[in-house]
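Peer 1: Sharing a structure with you now.
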């Protein structure tokens, strides 16, 4: 790229930015949804809380406590559950030894029944709660700020592709590739897990700024990149903007029509839209 600049094939004056979605080499039905994981985790924590309450009641019954003690519920973490499981194992082991040493059949039967009460929550914690908590923790770490990922390609996010042969809006695992060009040369590209171009704008230009390439004077893109956050980023906090931009906001083209200007019902007057119009107008004046 630096050689192209040196030979005057490109100038970095106008940087044309556009994105395209590329389908990943992953099973299209291998999806994991963040919303589903959150619901399952919430239900699991409710079940864990019920089990901890059951253990507390057993402990109080054994100690002969008539009323519930005002003990603060422990935080539901893998470490706390592991500690509780170890205490339960110790309790079960003690009861097992007592059963083996007891010769009275009736007493042995009573102790077996008591041991069964303690083994029930222990089995739940060891075989259900701890594995599932670890599973949901891993899934949330993989999600990051995404809403989905593929089991067969955990970096891929489910998104709508431009090519939809079935015409049903099916979500497929893929990546959003952002490409900057000038004079038909690809100057720079980045690969993103975010399905919308709007949220790829700043990360793309931040990565461009971290390279040895000069920053463009003007960034040109379609309305898919038009947002207040992106305009504010382009203008910057300093006296001089980071770069000029030619990026219309979503309703800009519609607002130029005669029908829109005449029909007051179609006008958007929200504070965010107003600010976007002002920011865009500031750049148009330059």
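Peer 1: Which residue, 180, 226, 250, tops the fluctuation ranking in a GNM of the chain built on C-alpha contacts under 10 Å?
Peer 2: 250
Peer 1: Continuing with this model, one more query. Could you work out the relative contact order of the stretch 1-154, using alpha carbon pairs under 8 angstrom and six or more residues apart, expressed as a whole percent?
Peer 2: Numbers: 77 pairs, mean separation 65.4, N = 154.
Result for the stretch 1-154 is 42 percent.
Peer 1: So how tilted is helix 34-63 from the main axis of the chain? Cα-based, degrees 0 to 90, rounded to 10.
Peer 2: Compared with the principal axis, the helix lies near 20 degrees.
Peer 1: Fewest first, what order do 261, 172, 119, 162 take by the number of other Cβ atoms within 10 Å? All intermediate terms of the calculation are to be shown ahead of the outcome.
Peer 2: Values: 261 11, 172 20, 119 17, 162 7.
Ascending number of Cβ neighbours within 10 Å: 162, 261, 119, 172.
Peer 1: Hey, what angle do you get for helix 105-124 against the long axis of the chain, alpha-carbon based, 0 to 90 degrees rounded to 10?
Peer 2: In the chain, helix 105-124 runs at an angle near 0 degrees to the longest axis.
Peer 1: Continuing with the same structure: How far is it, in nm, from the label point at residue 253 to the one at residue 57 when both lie 7 Å from their Cα along the line to the Cβ?
Peer 2: Between residue 253 and residue 57, the label points sit 6.4 nm apart.
Peer 1: Taking square-rooted eigenvalues a ≥ b ≥ c of the alpha carbon gyration tensor, is the chain rounded, prolate or oblate, where a/c under 1.5 means rounded and, failing that, a/b exceeding b/c means prolate?
Peer 2: Taking the square roots of the gyration eigenvalues as a ≥ b ≥ c, the chain is prolate.
Peer 1: Continuing with the same structure: Would the stretch 187-227 count as rounded, prolate or oblate if I go by the C-alpha gyration tensor, calling it rounded below 1.5 in a/c and otherwise prolate when a/b exceeds b/c, oblate otherwise? The partial results should precede the final answer.
Peer 2: Numbers: a/c = 2.43, a/b = 1.36, b/c = 1.79.
It comes out oblate by the Cα gyration axes.
Peer 1: To test your reading of the geometry: what angle, between 0 and 90 degrees and rounded to tens, separates the Cα axis of helix 130-143 from the longest principal axis of the chain?
Peer 2: For helix 130-143, the angle is close to 10 degrees.
Peer 1: Moving to a separate point now. Give me the distance in nm between label points sitting 7 Å out from Cα along the Cα-to-Cβ direction at residue 170 and residue 232, one decimal.
Peer 2: A separation of 4.0 nm, rounded to one decimal place.
Peer 1: For the chain, what is the mean residue ellipticity at 222 nm derived from helices alone (per DSSP H run of n ≥ 4: -39500 (n - 2.57); sum divided by total residues; nearest 500 deg cm²/dmol)?
Peer 2: On the way: 10 runs with 134 residues, N = 286.
So the helix-based figure for the chain works out to -15000 deg cm²/dmol.
Peer 1: In addition: Take the chain, connect every pair of alpha-carbon atoms lying under 10 Å apart with a spring to form a Gaussian network, then pick out the residue of 43, 35, 259 with the largest mean-square fluctuation.
Peer 2: The residue that fluctuates most here is 259.
Peer 1: Still on this structure, I have one more. With a cut-off of 8 Å between alpha carbons and a minimum separation of six or more residues, what is the relative contact order of the chain in percent? Intermediate values should be presented prior to the final figure.
Peer 2: Working: 329 pairs, mean separation 69.0, N = 286.
Once divided by the residue count of the chain, the mean separation gives 24 percent.
Peer 1: Then there is this: Quick one: grab the alpha carbon gyration tensor of the stretch 34-149, order the square roots of its eigenvalues as a ≥ b ≥ c, and give me rounded if a/c is under 1.5, else prolate or oblate depending on whether a/b is larger than b/c. All intermediate terms of the calculation are to be shown ahead of the outcome.
Peer 2: Numbers: a/c = 3.35, a/b = 2.18, b/c = 1.54.
Prolate.
Peer 1: Still on this structure, I have one more. Hey, in the GNM for the chain with a 10 angstrom Cα cutoff, which one of 173, 216, 241 fluctuates hardest?
Peer 2: Its mean-square fluctuation being the largest, the pick is 241.
Peer 1: Between residue 106 and residue 128, what is 0.36 nm times their sequence separation minus the Cα-Cα distance? Round to one decimal in nm.
Peer 2: Here the segment from residue 106 to residue 128 would lengthen by 4.6 nm.
Peer 1: Sorting 39, 47 on the 10 Å Cβ count, fewest up front, what's the list?
Peer 2: Numbers: 39 11, 47 14.
Lowest count first: 39, 47.
Laboratory data are not the source of any read-out in this text; all were calculated from the coordinates shown. Quantities reported herein were computed from a predicted structural model and do not represent experimental measurements. Because the Cβ atoms are built from the backbone with ideal geometry, glycine has one as well, and the counts that use them run over all protein chains shown.
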